[in-house]
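Remarks on the structure that follows.
The values are calculated or read from the model by the stated rules, or taken from the named source; none is laboratory data. These numbers were taken from a predicted model, which means no experiment stands behind them. Every residue, glycine among them, receives a Cβ derived from its backbone with ideal geometry; neighbour counts consider all protein chains shown. Surface areas here come from the heavy atoms of the whole protein model, side chains and all, with no ligands, DNA or RNA. Shrake-Rupley method; radii C 1.70, N 1.55, O 1.52, S 1.80 Å.
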Amino acid sequence: MLMRVLGAVLLCQLATATGLAQDSKQEDATTTCTFEDGAEISVRYIPVENNKEKIQNGRVWAPGGSPMVLFTPAALILEKSQIPAGAFSLYLIPQKDRWILVVNKNVNAGSKYDERQDIARAPMEMGQLGEPTSTLEVSFGRMGPRDCSLRVYFGKTGGWAEFLEK
């Protein structure tokens, strides 16, 4: 039995090293922000490469073909919309001078975007970066005791939106 396990492990390593095993997705990255009361929100996303990802103005964008995923143990406010505790898909809608952050309640893997399941949409503040990023970068900045700013950088474009703990 031990020999079978070792053989399987070696075969997997050999297949990976020689390129026989193909990983169709890049590894996920996660960013977090902790509110003053200890509640921690996080976003999981795929850090896609800028030169391999096409975004179109006015079209919903899920980086790497998968939406970013927001996890929150606390109720949040985005713009004027209330977001309950739970898990949610995040999409971006790039436009020429502004991006829209979309919070959607459908988190089923592989499902298509359905606008009817949106629970919040918020315009993002925008700016130009001095140096372009080579991959999508998503991070949080804690702006106050109950305020976490989600920052999204892609190429030379940066956008941010505020999540307030309710």
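Of all residues in the stretch 19-48, those being at pLDDT below 95 and either part of a strand (DSSP E or B) or of a type in the set (S, T, Y) (or both) number 1. Residues that are touching a Cys at 6+ places or on another chain (Cβ under 9 Å) and not β-branched (V, I, T) occur at least once in the stretch 68-91. Note on the stretch 28-62: among residues that are among the aliphatic types (A, V, I, L, M) and open to solvent by 30 Å² or more (accessible area, probe 1.4 Å), the one that is nearest to Y113 (Cα to Cα) is V60.
Scanning the stretch 122-140 for residues that are more than 15 Å from the chain's Cα centre (by Cα) and in a strand (DSSP E or B) yields A122, P123, E125, M126, G127, Q128. Looking across the stretch 63-121, the residues that are hydrophobic (A, V, I, L, M, F, W, C), surrounded by fewer than 17 Cβ atoms within 10 Å (Cβ to Cβ) and not in a strand (DSSP E or B) come down to A75, A85, V107, A109.
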